[in-house]
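Down below is the structure, laid out as structure tokens.
The values are calculated or read from the model by the stated rules, or taken from the named source; none is laboratory data. Remember, it's a predicted structure, so these values are computed and weren't measured experimentally. Here the Cβ positions follow ideal geometry from the backbone for every residue, glycine too, while neighbour counts run over all protein chains shown. All accessible areas refer to the heavy atoms of the entire protein, side chains included, with ligands and DNA or RNA removed. Shrake-Rupley method; radii C 1.70, N 1.55, O 1.52, S 1.80 Å.
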Amino acid sequence: MSVKVLIATDKPFAPVAVKGIREIVEKQGYQLVLLEKYTSPAELIAAVADVDAMIIRSDNATKEVIDAAKKLKVIVRAGAGYDNIDLQACTDKGVVAMNTPGQNSNAVAELAFGMMVSSARNFYTGKSGTELKGKKIGVHAYGNVGQNVGRIAHGFGMEVYAFDPFMTAEQIKQAGAIPVESVEKLYEMCDYVSLHIPATEKTKKSINYDLLNRMPKGGVLVNTARKEVIDEAGLVKLMADRPDFRYLSDIAPDNAAEYAPFEGRYFFTPKKMGAQTEEANINAGLAAARQIVNFLEKGDKKFQVNK
Ligand code: 3PG
């Protein structure tokens, strides 16, 4: 029986990316199965029953899903953040979990600027706005997406600062930003803060009232990372206490209804859109397919995240 590869995407890839994945998979003599826009975890659980490999996006690969995938050997998150995969469940079952770092990062960075320009121009309502040129942007975590944000910010004529606990000041400088020694200082200095931290036990709810309240008048928080890193109650309190503050997020917070009084100072995408471009889908989707082939054929575990 041929190797079965499942693409399980609640939010589908562009058709051109699916075509590219299919070519890679079928060239290898594998079979491709597609589950798109599914509406319940049960559908995903049923679809994984006999697959050897799977490609997902923000889809929830819970313990239940991993346990139901009796033949699964490798799961690839076509994207950066893998907080949606139960890594322990994968390890327990000997399943290799991977991501495709960097493949969709330009798309996410471009969306951050789309939201910033839109907000600076008061969402194109005709009301006079502001410019990004000359403003200070603080990039919170200077990895693949953060560095793309830095690159684009320079084009806008912004001053680019960055804080990253996993990089030295020299590395941050080399990658084009001015290093800032503490997260508090970053927020104190910058008109815009763009978040690029992963959602981990340590970072969840870490972007809180006290940190955000350090931002100068007219501060804007841009979140293309994860909603889980925000202390949502704290941010709503800040929006109420500071009529100058704005929040732009790629995906609505769980308490979105509480933002009604702050009309004109917030923007939420209806669905997570950062990586939703043809280019990002092709880059991440095809990388995922190649990683599956390389793992199954040669045992290549380069992008494994559950070591
Ligand atoms: C990522 O972690 O790669 C991004 O958040 C994109 O997620 P998506 O594939 O669900 O759009």
**Study point:** Condition broken by residue 307, with the remaining ones in (1) closer than 30 Å to residue 4 by Cβ; (2) among the basic types (Lys, Arg); (3) in contact (Cβ under 8 Å) with a residue 60 or more places away in the chain satisfied
**Key:** (3)
Exercise for review: Would you confirm whether any residue within the stretch 254-267 is among the small types (Gly, Ala, Ser), part of a helix (DSSP H, G or I) and within 14 Å of the ligand (Cβ to nearest atom)?
Suggested key: no
Exercise for review: For the stretch 195-212, indicate whether the set of residues that are out of contact with any helix residue (DSSP H, G or I) (no Cβ under 8 Å at 6 or more places or on another chain) and β-branched (Val, Ile, Thr) is non-empty.
Suggested key: yes
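Look at the stretch 125-156 and say how many of its residues are open to solvent by 20 Å² or more (accessible area, probe 1.4 Å) and in contact with a helix residue (DSSP H, G or I) (Cβ under 7 Å, 6 or more places away or on another chain).
Narrowing the stretch 125-156 to residues open to solvent by 20 Å² or more (accessible area, probe 1.4 Å): 125-131, 133-136, 143-145, 147-148, 151-152, 154-156.
Still in the running and in contact with a helix residue (DSSP H, G or I) (Cβ under 7 Å, 6 or more places away or on another chain): 129-131, 133, 136, 144-145, 148, 152.
The total comes to 9.
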Point to revise | Cβ pairs under 6 Å, 6+ apart, first in the stretch 219-236 and in the same structural domain as residue 188 (by TED's automatic domain parsing), second open to solvent by less than 10 Å² (accessible area, probe 1.4 Å) and of a type in the set (D, E, K, R) | key: 224/250
